[in-house]
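To start, the structure under review is shown below, and the notes come after it.
The values are calculated or read from the model by the stated rules, or taken from the named source; none is laboratory data. Note that the structure is predicted; figures quoted are calculated from it, not measured. Heads up, the Cβs are rebuilt from the backbone with ideal geometry, glycines too, and the neighbour counts pull from every protein chain shown.
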Ligand code: ARG
Ligand code: ZN
């Protein structure tokens, strides 16, 4: 059943206080006694006589109102609700409920993992713990008391501050936690486990001390130091950049191996997937380190953008996620390379969000409806949501943006609001009318800007016409033009940046400017332009759109050499390669030979030769557009053709640039102790990219280098780079290398995940069978989301093997998705999404993918999560 934004009604009842007593009787059973202070909501239109609370897979045993048991006839529980008849205007409700942690394989609510009990409530998991008005606009103060066996579960945690603890009969103990801040139920969390911890503290700029404590499974303390440092960095950064301080005395961070999400910002008790918090140079890559740093910061930033000001309903998810991802991106740009951070964010958007926006699950940043909110933790809500916030930042400028955020907190601290409130605050502080801009929250689809230009020598004027068009998406056949910033500059033939003077404007604008687009077509006329310029359009990726401008090779080379905007320098290289890749795909389809021009090798050769100044940037500039991004440009996708043409280009470049690549491989070595800092990780990125290119040549020298690196690597970044290259190399050493890697790391689950991922991403024949075999390997289980993502998630993005022409990859994904659906539907529906874009493929694969979707659709007992995906895909 579908829920609509337009049907939003304020809650009929409000809860001011929640007191929970959670008695963890054993792995199989817990008893939850709840005391809720309830009153009718004066803001609710027609107050009903009955109270209706959400429940999900819990057994309600008793109900009492104001100390009096409520008789059986007056309350009833079905699968979704506990209904209590004829309740007073204000009262205390007590319920007693049984939950079954061991059976909770959905990993929502309270469940078992590793050495104890952990929880995840966002979005609708709290109703799996106790009956409640489980919606974010109901905010209450929580007190939680935990009871458990003391020896087995020595650590007892919940939100807020510990206000009491003690021993109980039978070797048990208890602890009581009180959270001083009212919060929605999705931010509730508990942990009861055998964990080790380390402590630190953070002194706020106003002189308050917060105690920081990180909890990990015994033996993993040496893997948490990095995250703790990140947390302190993030706290400092939020003070410096936004004037926001930590508001708690105790801030706890817990790592758990079984987790549906990356991490969760529960108030004062952040819970992290081990993958996104544990790090050590020998087991974590540079990428892991930076992702962990960002995620720790992200969850911390939620304390203000999400917790202090929260969402009115789940349609507003991007209110907290889009804004927090944007803040996380600003943090990353400050801490690493600004240019590289931007490039990576955009690549991410193009590989994840653009395809989503062009598929059957396309939805606005603020969806208008959903069946299962868990299906809407999407790249649109997160990544495109962050781009929308970034556009407002661009339109009003950084100072006004900061004023807008200040105003947002002034107005809405302690409230549950909508994305409109955020936009209104920025609008008011920024003095820019954002009425039309709000469409970004309502319209799905990736707009296309068609840019055409005309230079007139006689009048020395240059005219740019920009037409925007947004393709139809499900339920939205026609779109209105949107307000967006278009940042640009003009490059003279000698490479200089021209001062920009718009006709009708008194003052020149400098050499880089932001134009505001409103109408479907806008024409801008620049004057005093001495010669036909090359336009540098969408600098810094100023809007989440596709820019269509007929660049020729010379223009792109010009931008690649001279553009002062590093993002657009990178973009020029990507366009240069993309044009030739698309030509290659067309040639291959027409039976013509696939060949590449020497200028491509020369352009890439110059990037390589100039790499010293910024190796991280060079590594990004030398990476060819990903296969999915190429596929996105095609009318009908043949994934094998895309792969082969891209591989041909890689081999071509590797051959032409061989000596330079080989020299760079030696030159960019990082001797000395490992450090994940931007400088040395950039050198490793470039060096390993050179290795990957050289490996594509299939020569013995490269293979020797690669095996040597695998053998001698003092860090996981270099080891993984070598291992993935070997995994894609049809050579005698391959199997032994993969097996040895697994044998070496079999006791480190996070490294085993990497190994599963490398196996599943191999483009070599036999991969489908190998992945099937690995689904039966003792290292694999459908019960652990990380294992599923590592093996099946990686396989799903393997363009060659998942899309094997005989359908064997689809068959495997189908079987595994169905098996997973009964264990963990939230994760299963993500696997099912591997099929959703079937219409985009050539007829053979299209038919096979469609058949898989139909099989899933007709499976009895299919979860609501997967049903929503298949239903929309087949619609
Ligand atoms: N709020 C979390 C974040 O920081 C994500 C929670 C997702 N929940 C889930 N069940 N997958 O992004
Ligand atoms: Zn988040």
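Got a number for residues in segment 15-48 being free of Cβ contacts under 8 Å to residues at least 40 places away in the same chain and either in contact with a helix residue (DSSP H, G or I) (Cβ under 7 Å, 6 or more places away or on another chain) or not in a loop (DSSP other than H, G, I, E, B) (or both)?
Qualifying residue count for the region: 0.
Enumerate the helices (runs of 4 or more DSSP H) found wholly within segment 760-861, keeping only those where 3 or more residues are more than 23 Å from residue 378 (Cα to Cα). Please lay out each step first, then the result.
Working: elements: 767-775, 785-788, 808-821, 825-832, 843-857.
The helices (runs of 4 or more DSSP H) meeting that bar are 767-775, 808-821, 843-857.
Restricting the search to segment 354-369, which residues are surrounded by 22 or more Cβ atoms within 10 Å (Cβ to Cβ) and either more than 26 Å from residue 631 (Cβ to Cβ) or within 16 Å of ligand 2 (Cβ to nearest atom) (or both)?
Within segment 354-369, 365, 366 qualify.
When you scan segment 559-595, how many residues do you find that are touching a residue at least 60 places away in the same chain (Cβ under 8 Å) and more than 29 Å from residue 610 (Cα to Cα)?
1
Starting from residues that are within 11 Å of residue 416 (Cβ to Cβ) and touching a helix residue (DSSP H, G or I) at 6+ places or on another chain (Cβ under 8 Å), keep the ones in segment 315-332 and report whichever is nearest to ligand 2 (Cβ to nearest atom). Show your work before the answer.
Within segment 315-332, the first condition is being within 11 Å of residue 416 (Cβ to Cβ), and the residues that meet it are 316, 319-320.
Then keep just the ones that are touching a helix residue (DSSP H, G or I) at 6+ places or on another chain (Cβ under 8 Å); that gives 316, 319.
Values: 316: 13, 319: 11 Å.
Looking at the filtered set, the residue picked out is 319.
Within the set of pairs 6+ apart or on separate chains, which have a first residue in segment 295-311 that is at positive phi, a second that is near ligand 2 (Cβ under 9 Å from one of its atoms) and not in a loop (DSSP other than H, G, I, E, B), and C-beta atoms under 7 Å apart?
These pairs meet every condition: 306/320; 306/324.
Are any residues in segment 732-759 exposed (fewer than 13 other Cβ atoms within 10 Å of the Cβ) and either touching a helix residue (DSSP H, G or I) at 6+ places or on another chain (Cβ under 6 Å) or in a loop (DSSP other than H, G, I, E, B) (or both), and if so, which ones?
Step one: list which residues in segment 732-759 are exposed (fewer than 13 other Cβ atoms within 10 Å of the Cβ), which gives 732, 735-736, 739, 743-744, 747.
Listed by number, the residues that qualify are 732, 747.
Restricting to segment 329-352, and then to whatever is within 15 Å of ligand 1 (Cβ to nearest atom) and within 13 Å of the chain's Cα centre (by Cα), can you tell me which residue is farthest from residue 627 (Cα to Cα)?
Among them, the one singled out is 329.
Scan the strands (runs of 3 or more DSSP E) fully inside segment 183-277 and keep the ones with 3 or more residues being within 16 Å of ligand 2 (Cβ to nearest atom) and touching a residue at least 12 places away in the same chain (Cβ under 8 Å). First the steps, then the outcome.
Working: elements: 190-193, 196-203, 209-216, 250-256, 269-273.
Answer list for segment 183-277: 269-273.
Considering every residue within segment 392-414, establish whether at least one is in contact (Cβ under 8 Å) with a residue 40 or more places away in the chain, under 21 Å from the mean Cα position of the chain (by Cα) and either in a helix (DSSP H, G or I) or under 16 Å from residue 305 (Cβ atoms) (or both).
Pass one, segment 392-414, residues in contact (Cβ under 8 Å) with a residue 40 or more places away in the chain: 392-395, 402, 405-406, 408-409, 412-414.
Among the residues that remain, those that are also under 21 Å from the mean Cα position of the chain (by Cα) are: 392-393.
Now narrow it down to the ones that are either in a helix (DSSP H, G or I) or under 16 Å from residue 305 (Cβ atoms) (or both): 392-393.
Yes: segment 392-414 contains one or more residues that are in contact (Cβ under 8 Å) with a residue 40 or more places away in the chain, under 21 Å from the mean Cα position of the chain (by Cα) and either in a helix (DSSP H, G or I) or under 16 Å from residue 305 (Cβ atoms) (or both).
From (1) within 16 Å of ligand 2 (Cβ to nearest atom); (2) in contact with a strand residue (DSSP E or B) (Cβ under 6 Å, 6 or more places away or on another chain); (3) under 23 Å from residue 39 (Cβ atoms), pick out the condition that doesn't hold for residue 125.
Failed condition: (3).
Could you check, for segment 293-305, whether at least one of its residues is farther than 28 Å from residue 369 by Cβ and away from ligand 2 (no atom under 14 Å from the Cβ)?
Restricting attention to segment 293-305, the residues satisfying the condition of being farther than 28 Å from residue 369 by Cβ are 293-297, 299-301, 303-304.
When the remaining residues are screened for being away from ligand 2 (no atom under 14 Å from the Cβ), the result is 293.
Scanning segment 293-305, I find at least one residue that is farther than 28 Å from residue 369 by Cβ and away from ligand 2 (no atom under 14 Å from the Cβ), so the answer is yes.
Would it be correct to say that residue 55 is buried (at least 18 other Cβ atoms within 10 Å of the Cβ), without any contact (Cβ under 8 Å) to a residue 40 or more places away in the chain and in contact with a strand residue (DSSP E or B) (Cβ under 6 Å, 6 or more places away or on another chain)? Outline the logic, then answer.
Details: buried (at least 18 other Cβ atoms within 10 Å of the Cβ): yes; without any contact (Cβ under 8 Å) to a residue 40 or more places away in the chain: no; in contact with a strand residue (DSSP E or B) (Cβ under 6 Å, 6 or more places away or on another chain): yes.
No, not satisfied.
Among the listed residues 625, 671, which satisfies the condition of being outside any helix (DSSP H, G or I) and either modelled with pLDDT of 95 or more or within 28 Å of residue 765 (Cβ to Cβ) (or both)?
Being outside any helix (DSSP H, G or I) and either modelled with pLDDT of 95 or more or within 28 Å of residue 765 (Cβ to Cβ) (or both) holds for just one of 625, 671, which is 625.
Being farther than 22 Å from residue 190 by Cα and buried (at least 20 other Cβ atoms within 10 Å of the Cβ) is the filter here; which residues of segment 203-225 pass it?
223 - this is the single residue of segment 203-225 that is farther than 22 Å from residue 190 by Cα and buried (at least 20 other Cβ atoms within 10 Å of the Cβ).
Among the residues of segment 357-382, what is the count of those that are within 16 Å of ligand 1 (Cβ to nearest atom) and assigned to a helix (DSSP H, G or I)?
The number of residues fulfilling the criteria is 8.
Go through 432, 389, 423 for me and flag whichever is within 16 Å of ligand 1 (Cβ to nearest atom) and either part of a strand (DSSP E or B) or modelled with pLDDT of 95 or more (or both). Can you show your working first?
Working: 432 fails: within 16 Å of ligand 1 (Cβ to nearest atom); 423 fails: within 16 Å of ligand 1 (Cβ to nearest atom).
Going through 432, 389, 423 in turn, just one is within 16 Å of ligand 1 (Cβ to nearest atom) and either part of a strand (DSSP E or B) or modelled with pLDDT of 95 or more (or both): 389.
Take the conditions closer than 30 Å to residue 125 by Cβ and within 16 Å of ligand 2 (Cβ to nearest atom) and apply them to residue 376. Does it pass? Step through it out loud before you land on a result.
Working: closer than 30 Å to residue 125 by Cβ: yes; within 16 Å of ligand 2 (Cβ to nearest atom): yes.
Yes, satisfied.
Every residue in segment 128-152 that is within 16 Å of ligand 1 (Cβ to nearest atom) and over 30 Å from residue 170 (Cα atoms), please. Steps first, please.
Our first condition is that a residue be within 16 Å of ligand 1 (Cβ to nearest atom); within segment 128-152, this holds for 128-129, 134-136.
Correct list: 134, 135, 136.
The rows are residues; the columns are (1) more than 30 Å from residue 413 (Cα to Cα); (2) more than 30 Å from the chain's Cα centre (by Cα); (3) within 16 Å of ligand 2 (Cβ to nearest atom); (4) modelled with pLDDT of 95 or more.
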position: 112; (1), (2), (3), (4): yes, no, no, yes
position: 134; (1), (2), (3), (4): no, no, no, yes
position: 144; (1), (2), (3), (4): no, yes, no, yes
position: 148; (1), (2), (3), (4): yes, yes, no, yes
position: 153; (1), (2), (3), (4): yes, yes, no, yes
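When residues of segment 465-480 are filtered for being surrounded by fewer than 19 Cβ atoms within 10 Å (Cβ to Cβ) and either in contact with a strand residue (DSSP E or B) (Cβ under 6 Å, 6 or more places away or on another chain) or part of a loop (DSSP other than H, G, I, E, B) (or both), how many remain?
Of all residues in segment 465-480, those surrounded by fewer than 19 Cβ atoms within 10 Å (Cβ to Cβ) come to 465, 467, 469, 471-472, 474-478, 480.
Applying the additional criterion that residues be either in contact with a strand residue (DSSP E or B) (Cβ under 6 Å, 6 or more places away or on another chain) or part of a loop (DSSP other than H, G, I, E, B) (or both) yields 465, 467, 469, 471-472, 474-475, 477-478, 480.
Number of matching residues: 10.
Tell me whether segment 327-342 contains one or more residues that are modelled with pLDDT of 95 or more, out of contact with any strand residue (DSSP E or B) (no Cβ under 6 Å at 6 or more places or on another chain) and under 25 Å from residue 113 (Cβ atoms).
no
Looking only at segment 513-536, count how many residues are assigned to a loop (DSSP other than H, G, I, E, B), under 19 Å from residue 564 (Cα atoms) and in contact with a helix residue (DSSP H, G or I) (Cβ under 9 Å, 6 or more places away or on another chain).
Final tally of qualifying residues: 0.
What do you reckon, is residue 57 outside any strand (DSSP E or B) and touching a helix residue (DSSP H, G or I) at 6+ places or on another chain (Cβ under 7 Å)? Even if it seems obvious, please write down each step before you answer.
Details: outside any strand (DSSP E or B): yes; touching a helix residue (DSSP H, G or I) at 6+ places or on another chain (Cβ under 7 Å): yes.
Yes; evaluated as a whole, the condition is true for this residue.
Within segment 280-328, work out how many residues are more than 27 Å from residue 714 (Cβ to Cβ), within 14 Å of ligand 1 (Cβ to nearest atom) and not in a loop (DSSP other than H, G, I, E, B). Before the answer, list the steps.
Initially, segment 280-328 is screened for residues more than 27 Å from residue 714 (Cβ to Cβ), giving 297-328.
Add one more test, that the residue is within 14 Å of ligand 1 (Cβ to nearest atom), and what stays is 297-307, 310-311, 314, 316-328.
This time we only want the ones that are not in a loop (DSSP other than H, G, I, E, B), so: 297-301, 305, 310-311, 314, 316-328.
Of the residues in segment 280-328, 22 are more than 27 Å from residue 714 (Cβ to Cβ), within 14 Å of ligand 1 (Cβ to nearest atom) and not in a loop (DSSP other than H, G, I, E, B).
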